[in-house]
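I have placed the structure first, in the form of C-alpha cells, so that the comments after it can refer back to it.
The values are calculated or read from the model by the stated rules, or taken from the named source; none is laboratory data. What you see is a predicted model; the values in this text were computed from it and never measured. Neighbour counts run over all protein chains shown; Cβ positions are idealised from the backbone, glycine included. These accessible areas exclude ligands, DNA and RNA; they are computed on the full protein's heavy atoms, side chains included. Shrake-Rupley method; radii C 1.70, N 1.55, O 1.52, S 1.80 Å.
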Amino acid sequence: MKLSIAIAVLMLVFAAHTDAQEDEKTIEEHFTNFGNQMKDLGEDLTVKTKDIVEKIGDSEFVTKTRTWFTEQFDKMKAKIDETFPKQ
C-alpha cells in the first residue's frame, strides 16, 4: 500500500512539474517579447514625433518667422546688388 501511495504521489508531482514547465516562458520567449515591445514603442514614438514636428512646422510663429527671415534676406540681397552692381 505504501508503494502505491508513493507512486501516486510521484505521478502527481510529475504532472504538476510538467504543467508548470509548459506555463513558464523561456529566455528566448522573454527576449522576443521584449523586442516586440521595444519595436511597438519605437513605432509609436516615431508617429508621435512626426505629428509634433508637423504641428510645429504649421504653427503661426514658425510661418511668421520664416517670412521675416525671407524678407530680411531679400532686403540684404537687394542692398548688396545696389552697393556692388553687376557689370
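Maximal additional length on extending the V13-M38 stretch stands at 5.2 nm, based on 0.36 nm per residue less the C-alpha distance. Taking 0.36 nm per residue of separation and subtracting the current Cα-Cα distance, fully stretching the chain between K50 and F73 would add 5.4 nm. Axis of helix 2-23 versus longest Cα principal axis of the chain: the two differ by about 10°, to the nearest ten degrees.
Phi angles across region 42-47 convert, under the Karplus curve 6.51 cos²θ - 1.76 cosθ + 1.60 with θ = phi - 60°, into 3J(HN,Hα) values of x, 5, 5, 5, 4, 5 Hz, Gly and Pro given as x.
Taken one residue at a time, the phi angles of region 75-87 give Karplus couplings (6.51, -1.76, 1.60, θ = phi - 60°) of 5, 4, 5, 5, 5, 5, 5, 6, 6, 10, x, 7, 9 Hz. Gly and Pro are set to x.
Computed from point charges on the beta carbon alone (+1 for Lys and Arg, -1 for Asp and Glu), the dipole magnitude for the chain about its Cα centre is near 560 Debye. Calculated accessible area for the chain comes out at 99 Å² per residue, all protein chains present (probe 1.4 Å; ligands, DNA, RNA ignored). Counting other C-beta atoms within 10 Å, and keeping those with at most 11, which DSSP coil trypsin sites (Lys or Arg not before Pro) do you find in region 42-87? Loop-located and lightly packed - K86.
Lysine pair count for the chain with Cα-Cα distance under 30 Å and sequence separation of 8 or more or different chains is 13.
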